[in-house]
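The values are calculated or read from the model by the stated rules, or taken from the named source; none is laboratory data. Worth saying up front: this structure is predicted, and the values here are computed from it rather than measured. So basically every Cβ, Gly included, is an ideal-geometry build from the backbone, and we count neighbours across all protein chains shown.
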Amino acid sequence: MKVMLRKVTKTPLDFEVKSGEMTFKGYLEYYGGKLILLHANLNGSLEKSCDVCANDFKLEVDEDIKFFISDGLYKDDGTIELDVVESFNGFVDIDELLNSEIELIRSDYHSCGYCKDIETLEF
Ligand SMILES: [Zn+2]
């Protein structure tokens, strides 16, 4: 799903995209200047290999995601507390955002339920 950034107004524009068992649902809203706010919830489960035992397991995900999308180059003047993602073609590709969020979660440290139990026993 591609959204033209200039078409995003103060009226929240809802979106919902899926990838595998993950659902990315939220809205885009014009903030000011070149900035558009994205606020969404990432929910579902994904296959990941455990960082301790390397076995595949299902990771349950439920994350609140909030960042800005800039229509063009963004100069950070320190007034914005959220991350800013720049778009240079005037569009935002929601499916692409979902995939990069999934990659981000995959690259984080996660252990499977079994290893987690052991970790808790040790401490
Ligand atoms: Zn494990």
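Just one of (1) part of a strand (DSSP E or B); (2) within 16 Å of the ligand (Cβ to nearest atom); (3) surrounded by 16 or more Cβ atoms within 10 Å (Cβ to Cβ) fails for residue 60. It is (3). Filtered by the rule that a residue be surrounded by 14 or more Cβ atoms within 10 Å (Cβ to Cβ), under 27 Å from residue 61 (Cα atoms) and free of Cβ contacts under 8 Å to residues at least 40 places away in the same chain, the range 1-24 gives 12, 13, 23. Residue 75 versus (1) part of a strand (DSSP E or B); (2) more than 16 Å from the ligand (Cβ to nearest atom): which is the lone unmet condition? Just one mismatch for residue 75, condition (1).
Considering only residues in the range 114-123 that are out of contact with any Ser or Thr (no Cβ under 8 Å at 6 or more places or on another chain) and surrounded by 10 or more Cβ atoms within 10 Å (Cβ to Cβ), the one that is farthest from residue 23 (Cα to Cα) turns out to be 118.
Taken over the range 66-92, the criterion of being acidic (Asp, Glu) and loosely packed, with under 15 Cβ neighbours inside 10 Å is satisfied by 76, 77, 81, 83, 86.
Sub-8 Å Cβ pairs linking a first residue in the range 45-73 that is over 19 Å from residue 30 (Cα atoms) and among the β-branched types (Val, Ile, Thr) to a second residue that is at pLDDT 95 or above and assigned to a strand (DSSP E or B), at least 6 apart or interchain, are 61/22; 61/42; 61/43; 61/44; 61/45, ordered by first then second residue.
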